[in-house]
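Right, one structure below, let's go through it.
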Amino acid sequence: MALAALPPPRRLDGGHLIKDAALAALVALVLAIPLVGFQAVEVNAALTIRTRFDWMAIGVAAVFAGRLLLRVAQALRPVRTGEARARWLPTVDRRRSALLAWLGIAVAIALPFLPFSSRYVVDLATLTAIYVMLGWGLNVVVGLAGLLDLGYVAFYAVGAYSFALFAQWFHLSFWECLPIAGLLAASFGIALGFPVLRLRGDYLAIVTLGFGEIVRIILLNWVPVTNGPAGIGDIPRPSFFGLPFAARAPPGTTSFHDFFHLSFNPDHRVIFLYYAILALALAINLFTLRLRKLPIGRAWEALREDEVACRALGINPTTVKLSAFAIGAMIGGLAGPFFAAKQAFISPESFSFMESAMILAIVVLGGMGSQLGIVLAAVVLVGLQELRGFAEFRMLIFGAAMVGIMVWRPRGLLARREPSLRLHGERGSAA
Amino acid sequence: MSDPAAARLLEVEHLTMRFGGLVAVDDLSFTARQREITAIIGPNGAGKTTVFNCLTGFYRPSVGRLALHRPEGEFLLERMDGFRIARHAGMARTFQNVRLFAGMTVLENLIVAQHNRLMRASLYTVGGLVGLPAYRRAEAAAVAKAKDWLDRVGLTERADHPAGSLPYGAQRRLEIARAMCTDPALLCLDEPAAGLNAHESAELNALLRDIRDDHGIGILLIEHDMGVVMAISDQIVVLDYGRKIASGTPASVRNDPVVIKAYLGAEEDEALPPEIARDLGGRA
């Protein structure tokens, strides 16, 4: 962008400012003629073109005035560097992030009982929790082991479909299917891991992208098993330790509201699913935090830093990579059944590349390797996707927000790496 | 002084490494002994680093036998994968361009070096997850060992800093400490003195002598800094164009006319066209 690259004028030079603003207005004009100037409208079932040159003029004038004001403001204020610009964002040290984490957990637990809460809010929170879990899973692969995976959605799909299919064919319950989904996804992770052992960086990313598409296309075309594009419906809902959430319990069982002497409320099921994923996500978080402090976790990070040095230290890169793929895939696979249970219907459409990109965006925006950052990024991105009020501008705002985060926080929202162990304790010899 | 009675540690016999038509190492044989520092020297491109890469499994040699003698048996390095050479045969190396885990802390670098022992102690992660006391003891021992090495290379103060933030000389020392944390039988150092100032070089000499004398291991060294090589080596192997042109004690190598010729190219001026030779002579 030639315009943006212009150095800010040091002093107020009228002619220069006008010229600069006029150039910006000219660019706006060129863009506005096709985008705003003409509008296709349907009049009596015939398509005609209406001109909107008045709107165009307003837009161009606004760009001219805006650019002029921006330049004047820049000239009046001292030039600031990127470091200084980010200072208004709070820095997050260990104590603050621990506080933030506990606060987040408290809000998450209280959420269904807050006054503004509704079925929609709880549903949205469930979706957010699913994305948090997916983000944490992908974080093992991308953030810790440094293996760029663009097909992560495949493991999510394996988890969701294994629940749907096992429930349909073998009448297994949600809780029986959950470990199966995790194990199946982990074995898919190893299956993906083997062919890509020798690949790194861009090449690895391309193969994982292909893997994600292969899984989606198999789901789409293996109609006898997966029902193809029509998807699988009537997925059973999880029960509360054997007590179904139903207005009228099936014969031989007691329903949840009867057992606890409550009046029937369909929200119970939604809230229960939310708590179930919340509990599992927190357990997964403890699990990964623990792994990070074990030799396996340090080997992942060492692999990310330098594979050649790992080899020279006697670390087998094959097992390290495969374990990262397997653990990451398992976490994705565990998130799958929750999605299937929430929707009660799944189809290959839900597992497109866009989903992989969304999960990767959560990991990158959150700050690679940061568990709390991923939660924040998931809340922001899922929230942005749900901006119903803005209708068609939703994706525009979504994109702009992503650009904004990357400009102000190039290494993610929370990018501080906490050492897995310390010699001198918390404040020891910190310089 | 080279002591023929010292135990043979590494025997390299007829090592040849070809890359297509290029012969990088040509029929090289030498022996490195325990409790000795063996230096491999030679002009740039003589094939020194290639020898290292063959020894540590990064290349598979075209011809040759590389035998490492350990109390538990003989390891034929040319048949082993890179990471197995480090894990089982006890061969540790550093790199010409320092390869630390830059984003991890100094301490973590030394703990990662003890990965295999800790992995066994954690019962391949399962025991570590449930917090087995045996694993906690093993981790404490690993930290103690790392602390010991940090003290020796003078980096204890900076243990919790990212390794990439250290000054260059400190990174070199840390890389040696990291290699030593794998409990090697043979330590291979690729130009450890490159980029060090005179003071740091002297410290390095002392450190390498200590390692040789206290740990009783062999050290194999590639080095350009003749001050370091002559001061600490027990034996020197000189390579030129992939071939061994001389070997022996520092004193004998220093005075070997073949070596002097390889380094200074004494006779080669005569092969130049007369006008160029005159130019060179005129400038000098």
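Bear in mind these aren't lab numbers, they're just calculated from the coordinates by the rules spelled out. All of these numbers come straight from a predicted model, not from anything done at the bench. Please note: Cβ atoms are built from the backbone with ideal geometry, for glycine as well, and neighbour counts cover all protein chains shown.
Sorting B:E74, B:E13 on the 10 Å Cβ count, fewest up front, what's the list?
Going from least to most buried by this count: B:E74, B:E13.
For an R0 of 60 angstrom, estimate the FRET efficiency from the Cβ-Cβ distance between B:H215 and A:V121 and round to the nearest 0.05.
Once rounded, the FRET efficiency stands at 0.40.
How big is the Cα convex hull of segment A:324-405 in projection, averaged over all directions, in nm²?
6.4
Which FRET efficiency value, to the nearest 0.05, do you get for B:R65 and B:K147 by plugging their Cβ-Cβ distance into 1/(1 + (r/R0)^6) with R0 = 35 Å?
0.30
Using modelled backbone amide H atoms (1.01 Å from N, in-plane), which distant-in-sequence or interchain residues come within less than 5 Å of B:R93's amide H?
B:C188
So which lysines can A:K321 reach, going by Cα to Cα under 23 Å and dropping same-chain residues fewer than 8 places off?
A:K321 reaches A:K293.
Name the residues of segment B:36-72 whose amide N is less than 15 Å from a point 7 angstrom out from the Cα of B:R18 along the C-beta direction?
B:60-64
Report the Stokes-Einstein translational diffusion coefficient (µm² s⁻¹, integer) for segment A:94-408, Rh taken as the Kirkwood radius over Cα pairs, at 25 °C with viscosity 0.890 mPa s.
Using the Kirkwood radius from Cα pairs, D works out to 120 µm²/s.
Using the Karplus equation 6.51 cos²θ - 1.76 cosθ + 1.60 (θ = phi - 60°), what ³J(HN,Hα) coupling, rounded to whole Hz, does each residue of segment A:293-299 give in order, writing x for Gly and Pro?
So the Karplus estimates, Gly and Pro as x, are 8, 9, x, 4, x, 5, 5 Hz.
Just grab the label-to-label distance for A:M395 and A:R248, each label 7 Å out from Cα along the Cβ direction, in nm (one decimal).
Between A:M395 and A:R248, the simple spin-label model gives 4.5 nm.
Can you tell me which lysines have their Cα less than 22 Å from the Cα of B:K261? Leave out same-chain residues fewer than eight positions away.
Within reach: B:K48, B:K244.
Per residue of segment B:65-82, in order, report the coupling 6.51 cos²θ - 1.76 cosθ + 1.60 (Karplus, θ = phi - 60°) as ³J(HN,Hα) in whole Hz, putting x for Gly and Pro.
With coefficients 6.51, -1.76 and 1.60, one gets 10, 10, 10, 10, 9, 10, x, 7, x, 9, 10, 9, 5, 5, 9, 10, 6, x Hz.
How do B:T49, A:T51, A:T226 rank when sorted from fewest to most other Cβ atoms within 10 Å of their own Cβ?
A:T51, B:T49, A:T226
Return the tail of the calculated pair distribution for chain B, meaning the percent of Cα-Cα pairs more than 25 Å apart.
For chain B, the fraction of Cα-Cα distances above 25 Å is 52 percent.
Each label point is 7 Å from the Cα along the Cα-to-Cβ direction; what then is the distance between the points at A:S263 and B:F58, in nm?
In this crude spin-label approximation the distance works out to 7.5 nm.
To the nearest 0.05, what FRET efficiency results for B:D81 and B:A206 with a Förster distance of 41 Å applied to their C-beta separation?
That gives a FRET efficiency of 0.75.
Across every pair of different alpha-carbon atoms, what Kirkwood hydrodynamic radius in Å does the protein assembly as shown reach?
30.5
How compact is segment A:174-241 by the rule of thumb for globular proteins, expressed as Cα Rg over 2.2 N^0.38 Å?
Taking N as the residue count of segment A:174-241, the ratio is 1.43.
What number does segment B:1-157 give for Rg over Rh if you use C-alpha atoms and the Kirkwood radius?
1.03
Using Cα-Cα distances under 8 Å and only pairs 6 or more residues apart, what relative contact order does chain A have, in percent?
That works out to 22 percent.
Find how much the distance from A:T319 to A:A22 grows on full extension, using 0.36 nm per residue of separation minus their present alpha carbon separation; answer in nm with one decimal.
That pair, A:T319 and A:A22, stretches by 100.8 nm at full extension.
Hey, for a label at B:A102 modelled as a point 7 Å past Cα toward Cβ, could you say which residues of segment A:130-149 have their backbone N under 20 Å away?
Only A:142-148 fall inside the zone, counting backbone N under 20 Å.
If the only charges are +1 at each Lys and Arg Cβ and -1 at each Asp and Glu Cβ, what is the size of the charge dipole of segment A:94-408 around the Cα centre, to the nearest 20 debye?
For segment A:94-408, the charge dipole is close to 720 debye.
Which shape class, rounded, prolate or oblate, goes with segment B:23-78 when its Cα gyration tensor gives a ≥ b ≥ c as root eigenvalues, a/c under 1.5 marks rounded, and past that a/b bigger than b/c marks prolate?
oblate
How would you classify segment A:246-297 from its alpha-carbon gyration tensor, with a ≥ b ≥ c the square roots of the eigenvalues: rounded for a/c under 1.5, else prolate if a/b is greater than b/c, otherwise oblate?
The shape class here is prolate.
Check which residues have an amide H placed less than 5 Å from B:I40's amide H, if you skip close sequence neighbours.
B:L221, B:I222, B:E223, B:V237
Karplus couplings for segment A:118-132 from phi (6.51 cos²θ - 1.76 cosθ + 1.60, θ = phi - 60°), rounded to Hz, Gly and Pro as x?
9, 4, 5, 5, 5, 4, 5, 5, 4, 4, 4, 4, 4, 5, 4
With only alpha-carbon atoms counted, please give the Rg and Dmax of segment B:100-182, in Å.
Gyration radius and largest Cα-Cα distance of segment B:100-182: 13.1, 40 Å.
Using only DSSP helix segments of four residues or longer, with each worth -39500 (n - 2.57), what per-residue ellipticity at 222 nm results for chain A after dividing by its residue count and rounding to 500?
Result for chain A, helices only: -20500 deg cm²/dmol.
Scattering from the C-alpha atoms of segment B:190-230 alone, worked out with Debye: what is log10 I(q)/I(0) at q = 0.17, 0.29, 0.34 1/Å?
Treating every Cα as an identical point scatterer, log10 I(q)/I(0) equals -0.43, -1.08, -1.25.
Can you work out the PRE-style zone for A:A61? Point 7 Å along Cα to Cβ, and I want the residues of segment A:20-48 with backbone N under 19 Å.
Answer for segment A:20-48: A:21-33, A:36-38.
Using a 7 Å offset from the Cα along the Cα-to-Cβ direction at both A:L76 and A:D13, what is the distance between the two label points in nm, to one decimal?
2.1
How high is the relative contact order of segment B:34-87? Use alpha-carbon pairs under 8 Å, at least six apart in sequence, and give a whole percent.
Contact order relative to length: 28 percent.
Which of A:L291, A:L286 has the fewest other C-beta atoms within 10 Å, and how do the rest follow up to the most?
A:L286, A:L291
Once the piece of chain linking A:E418 and A:E176 is laid out straight, how much longer is it, given 0.36 nm per residue of separation minus the C-alpha distance between them?
83.5 nm is the gain from fully extending A:E418 to A:E176.
Magnitude of the Cβ-charge dipole of segment A:272-431, K/R +1 and D/E -1, about the Cα centre, nearest 20 debye?
With Lys and Arg at +1 and Asp and Glu at -1, about 500 debye.
Pairs of alpha-carbon atoms within less than 8 angstrom and 6+ residues apart define the contacts here; what relative contact order does chain B have, in percent?
Here the relative contact order equals 25 percent.
Run the numbers for A:F53 and A:E386: contour at 0.36 nm per residue of separation, minus the present Cα-Cα distance, in nm.
That pair, A:F53 and A:E386, stretches by 116.6 nm at full extension.
What is segment A:105-179 by shape, rounded, prolate or oblate, if you read a ≥ b ≥ c off the alpha carbon gyration tensor as root eigenvalues and call it rounded for a/c under 1.5, prolate for a/b larger than b/c, and oblate otherwise?
Because a/c hits 1.5 or more and a/b fails to exceed b/c, segment A:105-179 counts as oblate.
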